[in-house]
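Asks: Pasting a structure here, questions to come.
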Amino acid sequence: LRAALDALRAAASTVARAKAAAGLPVDEATYVDAFNPNLMEVLFQWANGAKFVDLTKLTDAFEGTLIRVIRRLDELLRQLGSAAFAIGDFELKAKFDDASTRIKRGVVFAASLYL
C-alpha cells in the first residue's frame, strides 16, 4: 500500500500546484498532508474479503466510523464510475464498478443494524 499512498500524494501535490497556478489559495504541504492514510489497510482488507470483526482489530476507530467510511467510499467509487462513463473510458468505469462491488457487502450495507 506504500506505493499507492506515494502515488496519491504525488497526484495531490500536482493538484495543489495546479490550484496555485490558477490563483487559488492553497498550501501544498497542508493539502497533501490532508490525505489521511490511517484506514487504508482496513479498507484494503475489507475489499479483499475480510470479516467486519477482523477490521475492528486493525484500528481503534469506532464501528460506526468504519461503516460510514466504507459507505462514503462506495459513493465516491460510483461517482468516479459515472465520470469515467461520461468521458467514454469504459475500462476505467469497469474498474470503479468492480471496486464498488467488492466493498458492497455484509453488515456495512445492511438495510438496518436492528435485525
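Asks: With Rg/Rh (Cα atoms, Kirkwood Rh) defined as stated, name the option among [x] 0.96; [y] 1.02; [z] 1.27 computed from the structure displayed.
Replies: [y]
Asks: Find, among the chymotrypsin sites (Phe, Trp or Tyr not before Pro) in the range 57-100, those assigned to loop by DSSP (not H, G, I, E, B) with at most 12 other beta-carbon atoms within 10 angstrom.
Replies: Counting only loop positions with at most 12 other Cβ atoms within 10 Å, the chymotrypsin sites (Phe, Trp or Tyr not before Pro) in the range 57-100 are PHE62.
Asks: Below 24 Å Cα-Cα, how many Lys pairs turn up in the chain? Only count pairs eight or more apart in sequence, or on different chains, if you could.
Replies: Qualifying lysine pairs in the chain: 5.
Asks: Right, here's the next one. In sequence order, what are the phi-derived ³J(HN,Hα) couplings for the range 49-57 according to the Karplus relation 6.51 cos²θ - 1.76 cosθ + 1.60 with θ = phi - 60°, rounded to whole Hz, with x for glycine and proline?
Replies: Coupling constants for the range 49-57: x, 5, 6, 4, 4, 6, 5, 5, 7 Hz.
Asks: Considering only protein heavy atoms and a 1.4 Å probe, what is the carbon-and-sulfur percentage of the accessible area of the chain?
Replies: On the way: 4760 of 7920 Å².
Ligands and nucleic acids excluded, carbon and sulfur reach 60 percent.
Asks: Which trypsin sites (Lys or Arg not before Pro) does the range 28-88 hold that lie in a coil by DSSP with at most 12 other beta carbons within 10 Å?
Replies: Sparse-neighbourhood loop trypsin sites (Lys or Arg not before Pro): LYS51, LYS57.
Asks: Averaged per residue, what accessible area in Å² does the chain show with a 1.4 Å probe, protein chains only?
Replies: Numbers: 7920 Å² over 115 residues.
Averaged over the residues of the chain, the accessible area is 69 Å².
Asks: Relative to the compact-globule scaling 2.2 N^0.38 Å, provide the ratio for the alpha-carbon radius of gyration of the range 67-115.
Replies: Dividing the Cα Rg of the range 67-115 by 2.2 N^0.38 Å gives 1.29.
Asks: Starting from the Kirkwood radius over alpha-carbon pairs of the range 1-48, derive D by Stokes-Einstein at 20 °C in a medium of 1.002 mPa s and give it in µm² s⁻¹. Don't skip to the end; give the middle numbers.
Replies: Details: Rh = 11.8 Å.
Using the Kirkwood radius from Cα pairs, D works out to 182 µm²/s.
The values are calculated or read from the model by the stated rules, or taken from the named source; none is laboratory data. Everything numeric in this text was worked out from a predicted model, so none of it was measured. Glycine also receives a Cβ, built like all others from the backbone with ideal geometry; neighbour counts cover every protein chain displayed. Calculation scope for accessible area: heavy atoms of the full protein, side chains included, ligands and nucleic acids excluded. Shrake-Rupley method; radii C 1.70, N 1.55, O 1.52, S 1.80 Å.
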